[in-house]
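Right, one structure below, let's go through it.
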Amino acid sequence: MLNVGIDIGGTKIAGGVVGTDGSIVERLRVPTPTDTGALADAVADMVRELASRHDVHAVGVAAAGFIDRTRSIMLHAPNIDWNNVPLRAQFEQRIGRPVTLENDANAAGWGEYRFGAGRGSVDMVMVTLGTGVGGAVITDGSLLIGANGSAAELGHLRFVRGGRPCGCGQNGCLEQYASGRALQRELSDIADAGGIGERLAAHRAPDGVVHGADLAMLLAEEDAGALEAVRRVATALGEACGAFQAVLDPELYVIGGGVADLGEVLLEPTRLAYETSLPGFGERPTARFVTASLGNDAGLVGVADLAGLRSA
């Protein structure tokens, strides 16, 4: 059985035909229209094109935002003008097939759980470190949705009381301390302070950013400033995971997103901070930490699989 997964991003829509083993049979990509009607039409056109060449059963659509518990209504989307929109019905009317609607971070977490780094686990938490921090929670083999459909917004855990302002309207959220944006802030602060930050300052681009290739080079050379910036972000992540452990008790943390490309340079200090923040450390089992394995395909694969399961 083949299903279509659609992952709607801020700049592009990625679609693909996905088998029950998580393999992508064919994929397409188009720019994301700014007009919501044109966006819905673009999704429908993509599905029709893929279905013209494959026997497609159901369609999954993943997008950032708060979705109600029935997975029918987009309550609010941060990047698209969707507020209290019956999105599933609109897509089903255009597409003519069963449609599953899911938050993009949940879809990516489900993809990793079923076919990626979380395969074989039962209780898993995925933390995605991109521009912000996304999350997904799998408990007893099921995706945690919550009473109102908005569970697992891990990036908006209040991490520091009275801390940095967050785009969600609160202050001190985890994503202000453990995201790609947070890493750039730490790199900049260390560079500005001189001392161990001198080489960071020398490698800042005109836009003020230390780009990935330069950061990777500095880390490979064990530059003290670069390592300290990563340690600060990893410490925030690990401390938060210690708190998650107290509530969710997962066996596995899967760390995804662009920051996770740092691999063990990120994971080693994360594990240390997690262990020193864990209630009862030394007297209880601990979780494993791994990096995600599906990359940008996780959401597409995950939402296609959810579409097949929910329409069975």
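Points worth noting:
- Distance between the modelled labels on Glu251 and Asp21, one decimal in nanometres: 2.4 nm (7 Å Cα→Cβ projection).
- With a Förster radius of 45 Å applied to the beta-carbon distance between Asp189 and Leu309, the computed FRET efficiency rounds to 0.50.
- Divided by 2.2 N^0.38 Å, where N counts the residues, the Cα radius of gyration of region 66-126 comes to 1.32.
- Semi-axes of the equivalent ellipsoid for region 1-58, computed as √(5λ) from the eigenvalues of its C-alpha gyration tensor and ordered from largest down, come to 21, 12, 8 Å.
- Per-residue HN-Hα couplings for region 136-152 [Karplus 6.51, -1.76, 1.60; θ = phi - 60°; Hz; x = Gly/Pro]: 8, 10, 10, 10, 6, x, 10, 6, 6, 9, x, 4, 10, x, 10, 5, 6
- Helical contribution to [θ] at 222 nm, DSSP H n ≥ 4, -39,500 (n - 2.57), averaged over the chain, rounded to 500: -12000 deg cm²/dmol
- Using θ = phi - 60° in the Karplus curve 6.51 cos²θ - 1.76 cosθ + 1.60, the 3J(HN,Hα) couplings for region 191-202 round to 4, 5, 7, x, x, 5, x, 4, 5, 4, 4, 5 Hz; x is entered for Gly and Pro.
- Residue-normalised accessible area of the chain, expressed per residue, 1.4 Å probe, Å²: 44
- The ratio of the alpha-carbon radius of gyration of region 172-312 to the globular-protein estimate 2.2 N^0.38 Å is 1.20.
- Net +/- balance of residues flanking Asp68 in space, Cβ distance below 15 Å, scoring K and R +1, D and E -1: +2
- Largest to smallest in accessible area, the residues Cys168, Cys241 fall in the order Cys168, Cys241 (1.4 Å probe, all protein chains included).
- Using a probe of 1.4 Å, the accessible surface attributed to His57 totals some 70 Å² when neighbouring protein chains are kept in position.
- Projected area averaged over orientations for region 216-271, convex hull of C-alpha atoms, nm²: 3.8
- Summarising the amide proton neighbourhood of Arg71: residues at separation of 5 or more, or on other chains, whose placed amide H is nearer than 5 Å comprise an empty set.
- Where labels lie 7 Å past Cα in the beta-carbon direction, separation of Ala205 and Ser293 in nm: 3.1
- Pairwise centroid distance, computed over Cα atoms, of region 290-312 with region 173-215, Å: 32
- Extension gain from Asp140 to Val30, taking 0.36 nm per residue of separation minus the Cα-Cα distance: 36.0 nm
- Using 0.36 nm per residue and subtracting the Cα-Cα separation, the extra length available between Gln170 and Glu92 on full extension is 24.5 nm.
- Spread of Cα-to-Cα distances over 20 Å intervals beginning at zero, given as percent, for the chain: 33, 55, 13, 0
- When the convex hull of its Cα atoms is projected in every direction, mean area for region 1-97 (nm²): 5.8
- Take the Cβ atoms of Val160 and Ser52, set R0 to 51 Å, and the FRET efficiency comes out at 0.50.
- Loop-exposed GluC sites (Glu not before Pro) per DSSP, neighbour cap 13 Cβ within 10 angstrom, longest uninterrupted part of the chain: 1-220
- Using heavy atoms of the protein chains and a probe of 1.4 Å, the accessible area assigned to Val18 is about 0 Å².
- In this structure the amide hydrogen of Thr131, modeled in the peptide plane, comes within under 5 Å of the amide hydrogens of Gly180, none closer than 5 places in sequence on its chain.
- Cα gyration tensor, region 258-312 - rounded (a/c under 1.5), prolate or oblate: oblate
- Potential lengthening between Asn148 and Met1 on full extension [0.36 nm per residue; Cα-Cα distance subtracted]: 49.8 nm
The values are calculated or read from the model by the stated rules, or taken from the named source; none is laboratory data. Worth saying up front: this structure is predicted, and the values here are computed from it rather than measured. When we count neighbours, we look across all protein chains shown, and the Cβ atoms used for this are built from the backbone with ideal geometry, even at glycine. Heads up: the accessible areas ignore ligands, DNA and RNA and are worked out on the full protein's heavy atoms, side chains in. Shrake-Rupley method; radii C 1.70, N 1.55, O 1.52, S 1.80 Å.
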